[in-house]
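Below you'll find the structure, written out as structure tokens, and then a few comments.
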Amino acid sequence: MKNNEPVIEVEGLCKAFGANVVLDHFDLTLYRGENLVVLGKSGSGKSVLIKCIIGLLRPDAGRIVVLGQNVPDLTYMELDQLRARVGFLFQSNALYDSMTVRENLEFPLRRHWMNVEQNEVNDLVHKVLTSVGLAHTVDMMPAELSGGMRKRIALARTLILKPDIILYDEPTTGLDAITGMEIIELIKAVQHEYQTSALVISHDMKLARHAAERIAILLEGKCCATGTYQELSTSKDPNIRAFFD
């Protein structure tokens, strides 16, 4: 599914908080139609990376080009327009507890002032809920849903803007093994149905093995290796082997 067109290019990315250097000349490329998993241990800087890519954190140095635009150079309005094309699935799901599922899904359309008729909104809501297997939850409240269902609704809300790229922040964390595997399969199904490119940050080896076409290893602030699961799992480098043993 991947082609040679880059949709995210990260070059020489540096980010420190005081004396704590989190990203140290980190390099990464995500290609159109690709599922790329960034593997790293807790506290290794995965969340900082994804927040820099979406413009929530400003890097100290380096280049971040998303869909042809250099993120650190964008105005607030330009960044807002870019974010409409880049879905962000938060680890916490970030659903609004006071809104129904329908209202949660409609919110991004209102937020980005999409000129969409109500009947089209209804069709979009139904389509994305059907895509994640939860059409029957449309009038439910988030508190009525299980953790796995909330994760699916959050993904449906991301899909409703038809993004070119989806950024997944630890999508299987906090889920039991069966639900986690369902989310992994859903990530693959979304890529196939919507032709999205996905950058997934995780420490879940099962996710990396089943959902990634390529894996990038984040270690000591750098991208120390990229490759397929098979390539990296048979590496002789002890730093890489440590992730797979």
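Quick one: what pairs do we get from segment 153-166, first residue farther than 21 Å from HIS136 by Cα and at pLDDT 90 or above, second in a loop (DSSP other than H, G, I, E, B) and polar (S, T, N, Q), C-beta under 6 Å, 6+ apart or different chains?
Listed pairs, sorted by first residue: ILE166/THR196.
Looking only at segment 25-50, filter to residues that are of a type in the set (D, E, K, R) and surrounded by 18 or more Cβ atoms within 10 Å (Cβ to Cβ); which one of those is farthest from the chain's Cα centre (by Cα)?
So, considering only residues that are of a type in the set (D, E, K, R) and surrounded by 18 or more Cβ atoms within 10 Å (Cβ to Cβ), the one farthest from the chain's Cα centre (by Cα) is ARG32.
Out of the helices (runs of 4 or more DSSP H) lying entirely within segment 178-245, which hold 2 or more residues that are touching a residue at least 12 places away in the same chain (Cβ under 8 Å) and small (Gly, Ala, Ser)?
Result: 205-211.
Quick one: which residue in TYR229, TYR194, TYR168 is in contact with a strand residue (DSSP E or B) (Cβ under 9 Å, 6 or more places away or on another chain) and within 19 Å of LYS51 (Cα to Cα)?
None of the others qualify; the one that does is TYR168.
When you scan segment 169-177, do you find a residue that is assigned to a helix (DSSP H, G or I) and at pLDDT 90 or above, even just one?
Taking every residue of segment 169-177 in turn, at least one turns out to be assigned to a helix (DSSP H, G or I) and at pLDDT 90 or above.
Can you pull out every residue in segment 190-213 that is farther than 21 Å from ARG85 by Cα and out of contact with any Ser or Thr (no Cβ under 6 Å at 6 or more places or on another chain)?
Scanning segment 190-213 gives SER202, HIS203, MET205, LYS206, ALA208, ARG209, HIS210, ALA211, ALA212, GLU213.
Looking at segment 135-156 only, could you name the residues that are of a type in the set (A, V, I, L, M) and buried (at least 20 other Cβ atoms within 10 Å of the Cβ)?
ILE153, ALA154, LEU155, ALA156
Among what's in segment 104-126 and is in a helix (DSSP H, G or I) and surrounded by fewer than 15 Cβ atoms within 10 Å (Cβ to Cβ), pick the residue that is modelled with the lowest pLDDT.
Here the residue is ARG111.
The values are calculated or read from the model by the stated rules, or taken from the named source; none is laboratory data. Given the structure is predicted, the values throughout are model-derived calculations rather than measurements. Here Cβ is always computed from backbone atoms with ideal geometry, including for glycine, and neighbour counts include all displayed protein chains.
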